[in-house]
Amino acid sequence: MKKEDELSRIIESKLINTYFQPIITADGQSIYAYEALSRGPSRSLLFSPAELFEQAKQQQKLFALESLCRTKAIEQFTQQQLPGKLFLNISPETLLQPDHQRGLTLELINNFGIRPEQVVIEITEHSPTHDYDLMRRAVKHYQGEGFSIALDDLGAGYSSLRLWSEVEPDFVKIDRHFITGIERDKVKRDFVRSMVAIAHAGKSQIIAEGIETLQEFETLCEIGVDYVQGYYFAKPSPMPSHHISKSAQTLWQQVKNSREIYKEQGQIGQLKLDVTPVTPDMLVEQVITLFERNEQWFSLPVVADGIPVGIIKRSHLLHKLSQPFGRDLYVKKPVSQVLDENFISVERHTRLETVSQLVIQRNRNQLQEDFIITQQGQYFGIGQVFDLLKMMTEIQIKSAKNSNPLTGLPGNLLIQEHIDQLIINNKPFVACYFDLDNFKPYNDQYGYTKGDAILLGVAQLLQKHCQPELDFVGHVGGDDYVVVFRSNNWLAYVKAALAEFSRLCASFYNPEHLSNHGIWAEDRFGEKRFFNLMSISVAAIDSASANLDSAATVSSRLSQIKTHAKNATGNSLVAELSGSIVHLLADPDHSQHKLACNH
């Protein structure tokens, strides 16, 4: 049977199959909604949705097909009594179809006893139309009928970014390209983080779809998306589950708790003040009473259905009431008439530095105003600028006191705190101790200026060969460094750093020392002896295979492992893995140094 005839048979005989895929709250605890996905009959030429809708578009039967899909989806959603909202995929092109019937979706949900607020219209482009005006018309059309709106595949091109800026959709779906492997890709993380920040500054919530691994889920939770969807949670099914299993809830809650405890350090959630929110319909006189009873409150958040919609500033309210007839004009009015909609709202895991930048970018007369802290878009607490500035000052002072003055890297105290925090929160890591061999004789021979340049160079080298958002680079002092890796490819990073150091070796020495592969200098006992060219000895320990109860234990074990690494000549890497000491890299013949020197 030809595809043209097959499409007619499917539409006339109503042979569409509806699958549902759950959309889950980012804490992994409950199902928020279901997206309805349509398929052709099994073993049909048009079973694939891509083939099905492309054929409908070619035959100008897109509206007829989508109408059938909507009917089947709404029918199955109500018959199965699925909880939460229903996401319906609708393409804007259906508005141009000659058989388009205005108000069909509204009529359908009324027939099945569903309210418009239960339905989210997901605007989907089956192909790049580049027709922005059509997209906008489609959104306005369904908004006018009382439906919530979701924009699909943000970042995939087309018109979605521009549309988002104008129509303020309720939900925005990040294209799965930016989700796949996000834990390994800084560009993807930065993109999603930016989209989350933009969404939370406006009226949208972010849905990350296409999640297939625990690592992707963890990373997206850390970034702060609102909802998640993908094969990792559930595949599309004609008969989906009504709830998340207890075992999955427990697992995801453990993931979330362990990450949140660790992330809270240096993030705005630390400064939360538990200020009772008010609703938009509360009377101004009630707000006055709250301010009178709580003199330490400078503002009150106005929250509707858990989401901040405004803020009432004590000083502004008092100013209004002090005007002639002010009390008579306002005390009996609802808060909605005096609230300020221009306020800063930030997610609880936003870095303190980021919030500080947002605050100082405001007008001078707004610098001291409170800001609202949210958790996945829901009201979490109030933040005060004074507390933010105090915390920022304390962090800067602590950092300055405990950072190495030459390299600016965190010093021994901050390294210990970081490792202790990882251990407390049961976070896996690999700690690597980098010791620069034969640095003292070089420093004595060439002078401290060149010596300092090498120490700076090593610091920059280690920062280059790691994943900045996950890994921690510290400078213990002198020629000793520590890198705490949480990225999976730590071994590749270490080997790359050592290889680059070997290549740079030629630039450190004069030709005579290079040809001799070392220098004569006094040792610590004042005796002249020969020292090889500088190299780096690395000792590593994997927390997953060792019983590490504190940073002190890590330091002690690394010292023991370092002895094995120092016994090798040239660059070396020795690690404790699964309880055994393993030599992962050794360069006894100086082959890398010779290669570098010959060049």
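Summary of computed values
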read-out: Angle in degrees between helix 62-79 and the longest Cα principal axis of the chain, rounded to the nearest 10; value: 90
read-out: Cα point-scatterer Debye curve for segment 3-263, base-10 log of I(q)/I(0) at q = 0.10, 0.13, 0.16 Å⁻¹; value: -0.50, -0.86, -1.28
read-out: Average silhouette area of segment 453-599, convex hull of alpha-carbon atoms, in square nanometres; value: 9.6
read-out: R0 of 51 Å, Cβ-Cβ distance GLU117-ASN567: FRET efficiency to nearest 0.05; value: 0.10
read-out: Filter on LYS85/LYS140; LYS440/LYS528; LYS186/LYS427; LYS203/LYS272; LYS464/LYS495; LYS140/LYS333 - keep pairs with C-alpha separation over 24 Å; value: LYS140/LYS333
read-out: In degrees, nearest ten, helix 246-263 long axis to first principal axis of the chain (Cα); value: 50
read-out: 10 Å Cβ shell holding at most 13 others, DSSP loop, trypsin sites (Lys or Arg not before Pro): longest site-free stretch of the chain; value: 333-523
read-out: Distance in nm between pseudo-label sites at PHE325 and PHE386 (7 Å out along the Cβ direction from Cα); value: 3.7
read-out: Extent along principal axes [Cα atoms of segment 464-503; Å; largest to smallest]; value: 27, 24, 13
read-out: Net +/- balance of residues flanking ASP340 in space, Cβ distance below 11 Å, scoring K and R +1, D and E -1; value: -2
read-out: Segment 382-387 - phi-based ³J(HN,Hα) in whole Hz, Karplus 6.51/-1.76/1.60, Gly and Pro as x; value: 9, x, 10, 4, 4, 5
read-out: Likely footprinting exposure, PHE147, PHE386, fewest C-beta neighbours within 10 Å first; value: PHE386, PHE147
read-out: Amide proton proximity set for PHE429, modelled H, under 5 Å, gap of 5+; value: SER543, ALA544
read-out: Sequence-distant residues sharing a close amide H with ASN571 (under 5 Å, placed H); value: ILE536, ASP587
read-out: Gain on full stretching of the segment that runs from SER356 to THR250 - 0.36 nm per residue minus C-alpha separation; value: 34.6 nm
read-out: With Cα atoms, 0 to 90° folded angle of helix 551-566 axis to the chain main axis; value: 50
read-out: Alpha-carbon Rg/Rh ratio, for the chain, with Rh computed the Kirkwood way; value: 1.08
read-out: Per residue Cα convex hull volume in Å³ - calculated over segment 270-390; value: 99
read-out: Range in the chain, longest, excluding exposed GluC sites (Glu not before Pro) [loop by DSSP; at most 10 other beta-carbon atoms within 10 Å]; value: 1-294
read-out: Centroid-to-centroid separation of segment 372-448 and segment 507-566 [C-alpha atoms, Å]; value: 24
read-out: FRET efficiency, 1/(1 + (r/R0)^6) with R0 41 Å, evaluated for GLU54 and ALA304 via beta carbons; value: 0.45
read-out: Principal axis dimensions, segment 330-417 - Cα atoms, whole angstrom, descending; value: 61, 29, 18
read-out: MRE, 222 nm, helices only [DSSP H, n ≥ 4, -39500 (n - 2.57), over the chain, to nearest 500]; value: -12500 deg cm²/dmol
read-out: Hull-based mean projected area of segment 434-533, where the convex hull spans the alpha carbons, in square nanometres; value: 6.7
read-out: Segment 2-61 versus segment 344-365: alpha-carbon centroid distance in Å; value: 44
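A short reminder: the numbers here are calculations on the coordinates, not readings from a lab. Computed from a prediction, not measured in an experiment: that's the story for all the values here. With ideal geometry, Cβ positions are generated from the backbone for all residues, glycine too; neighbour counts draw on all protein chains shown.
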